[in-house]
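The values are calculated or read from the model by the stated rules, or taken from the named source; none is laboratory data. Keep in mind it's a predicted model, so treat the numbers as computed, not measured. Here the Cβ positions follow ideal geometry from the backbone for every residue, glycine too, while neighbour counts run over all protein chains shown. Heads up: the accessible areas ignore ligands, DNA and RNA and are worked out on the full protein's heavy atoms, side chains in. Shrake-Rupley method; radii C 1.70, N 1.55, O 1.52, S 1.80 Å.
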Amino acid sequence: EKCDWIFLNMNYAPLQNSEIYRWVKEQILTQIKCNHPSFNFDSYEVIKKIFRKEIRSFDTGIGQLLKDDKMAYNRALYDLLRKHIDDTSSYLESLIYYLKEYHNLLPIIVLDNCDKRNKDDQLLMFQVAQWLRTSYKCIVILPMRDSTYDMYRDEPPLDTVVKDLVFRIDPPDLLKVLQARLNYIVRITNQTEDKYELDQGLSVTIRKSELIEYFKCIMHVIRNNRWISNIFYKLSDRNTRNGIQLFEDFCKSGHISSDEIFKIRVIGNEYELPPYMFLNALLRKNRRYYNEEQSNFVNLFHADYRDDFPDPFVRIDILLWLKARRTKEGPAKTKGMFPASNLVKDMQIIGHNDEVTHRELNYLVKRGLVL
């Protein structure tokens with residue numbers, strides 16, 4: 001009740017210094033007005049409260065000269081208020097003061113989705129956050145990748161951050177999230193039925209609430225098999241969305257037969273899914289054959305036949321090069337982080353083409369195997 005949450009989707013923010021500050025101010029103003037539809041911000045009574053300090057300064061200052069001429073006073077006051085309303089910086093500062101003084105609300109500005117940006121964009125957003133905090137005396141929350149913070153925390157502008165204001169958020173346990181999602185689906189599911197065709201051509205009618213039980217049984221199988229659970233967690237890479245997608249891929253895979261799903265349901269916690277079946281489901285998903293772009297797994301010995309000299313060892317050599325240096329400090333004094341140029345040079349020495357190395361390195365980064 002004491003907080004006024006203002007969420008800005010930074011996916012749409014301009015990245016030029018000349019535009020980002022103006023855009024942020026305009027978005028905050030718009031969001032504040034959306035948060036309080038019952039406030040008539042265009043009424044004169046509210047405007048007087050918003051700019052109370054400016055009006056009081058005017059009345060005790062040069063406004064004294066116009067106290068005997070009501071029309072001239074009103075005209076001067078109108079020009080003053082119009083000037084402050086058109087000035088987004090002044091208007092935002094006064095609006096935040098109005099929320100604090102008259103409604104006892106503390107604005108909390110969240111610069112959402114900043115962690116999806118690249119390093120330079122994240123550092124720019126940090127500067128914007130510092131400017132907001134000091135200029136408008138409000139709380140600002142800035143999500144940033146832990147890798148970006150760890151690598152540049154001793155360099156400007158991150159070296160100015162107060163260490164006690166840095167919080168690390170670890171994702172919840174993936175299987176607990178899946179359990180909670182399934183429980184939620186059970187609560188909102190209507191008792192309707194769906195028909196399914198089995199491998200033998202039989203038609204089976206299943207209630208949706210019963211279908212959820214099958215999903216829960218599949219989840220128990222993943223949880224109870226340490227080897228399968230380990231692969232599941234590593235593939236999701238602490239990303240809850242990825243983990244949910246993996247679970248969905250497994251459930252929808254054509255490589256798990258209806259007989260096997262029935263066994264999972266009947267035998268319950270005692271059932272042990274053959275590891276090859278689990279791998280098949282994640283490796284090929286709903287395809288008959290393996291397709292790297294569609295699969296959850298990356299082929300480390302991939303070679304592009306369109307290259308002059310197809311190179312099936314460049315990916316594995318890149319990973320081995322990085323693995324050998326993961327405990328060593330790079331130029332930025334961060335363990336395991338080295339310039340790509342160093343890697344490309346060493347790959348060239350052992351016979352890998354520069355362009356192929358760059359291409360495959362980018363691919364490994366895209367698939368989350370290289371940071």
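Quick notes
- Selection within the stretch 187-198 - open to solvent by less than 80 Å² (accessible area, probe 1.4 Å) and in contact with a Lys or Arg (Cβ under 9 Å, 6 or more places away or on another chain): 189, 192, 194
- Within the stretch 28-47, the residues that satisfy the criterion of being part of a helix (DSSP H, G or I) and open to solvent by 70 Å² or more (accessible area, probe 1.4 Å) are 30, 33, 34, 44, 45.
- Taking the criterion of being modelled with pLDDT of 80 or more and of a type in the set (D, E, K, R), the residues of the stretch 179-233 that qualify are 181, 223, 226.
- Test: residue in the stretch 54-69 that is surrounded by 17 or more Cβ atoms within 10 Å (Cβ to Cβ) and under 40 Å from the mean Cα position of the chain (by Cα): no
- The residue of the stretch 156-189 that is farthest from the chain's Cα centre (by Cα), among those that are in contact (Cβ under 8 Å) with a residue 12 or more places away in the chain and over 30 Å from residue 235 (Cα atoms), is 160.
- Some residue of the stretch 298-312 being open to solvent by less than 100 Å² (accessible area, probe 1.4 Å), under 30 Å from residue 222 (Cα atoms) and either assigned to a helix (DSSP H, G or I) or touching a residue at least 60 places away in the same chain (Cβ under 8 Å) (or both): yes
- Matching residues in the stretch 204-254 - criterion: being outside any helix (DSSP H, G or I), open to solvent by 60 Å² or more (accessible area, probe 1.4 Å) and without any contact (Cβ under 8 Å) to a residue 60 or more places away in the chain: 205, 207, 254
- Residue check, residue 345 without any contact (Cβ under 8 Å) to a residue 12 or more places away in the chain, closer than 28 Å to residue 236 by Cβ, basic (Lys, Arg) and in a helix (DSSP H, G or I): no
- Qualifying residue in the stretch 102-112 (condition: buried (at least 17 other Cβ atoms within 10 Å of the Cβ) and in a helix (DSSP H, G or I)): no
- Candidate set from the stretch 267-293 (those that are of a type in the set (S, T, N, Q) and modelled with pLDDT under 85); member that is farthest from residue 228 (Cα to Cα): 286
- Residues that are in contact (Cβ under 8 Å) with a residue 40 or more places away in the chain and either among the charged types (D, E, K, R) or open to solvent by 60 Å² or more (accessible area, probe 1.4 Å) (or both), drawn from the stretch 144-154: 150, 154
- Check on residue 269, open to solvent by 40 Å² or more (accessible area, probe 1.4 Å) and assigned to a loop (DSSP other than H, G, I, E, B): no
- Residue within the stretch 157-174 that is hydrophobic (A, V, I, L, M, F, W, C), farther than 30 Å from residue 14 by Cβ and either open to solvent by 50 Å² or more (accessible area, probe 1.4 Å) or in a helix (DSSP H, G or I) (or both) present: yes
- Residue 293 vs. criteria loosely packed, with under 12 Cβ neighbours inside 10 Å, within 27 Å of the chain's Cα centre (by Cα) and not hydrophobic (A, V, I, L, M, F, W, C): yes
- Test for residue 264: is it at pLDDT below 80, surrounded by 14 or more Cβ atoms within 10 Å (Cβ to Cβ) and farther than 15 Å from residue 368 by Cβ: yes
- In the condition set (1) free of Cβ contacts under 8 Å to residues at least 60 places away in the same chain; (2) open to solvent by 60 Å² or more (accessible area, probe 1.4 Å); (3) not in a helix (DSSP H, G or I), residue 201 is compliant with all but (2).
- Set side by side, the residues 144, 125 differ, and just one is in a loop (DSSP other than H, G, I, E, B), modelled with pLDDT under 90 and either under 29 Å from the mean Cα position of the chain (by Cα) or within 22 Å of residue 19 (Cα to Cα) (or both), which is 144.
- Odd one out for residue 78, checked against (1) within 39 Å of the chain's Cα centre (by Cα); (2) open to solvent by 70 Å² or more (accessible area, probe 1.4 Å); (3) at pLDDT 90 or above; (4) not small (Gly, Ala, Ser): (1)
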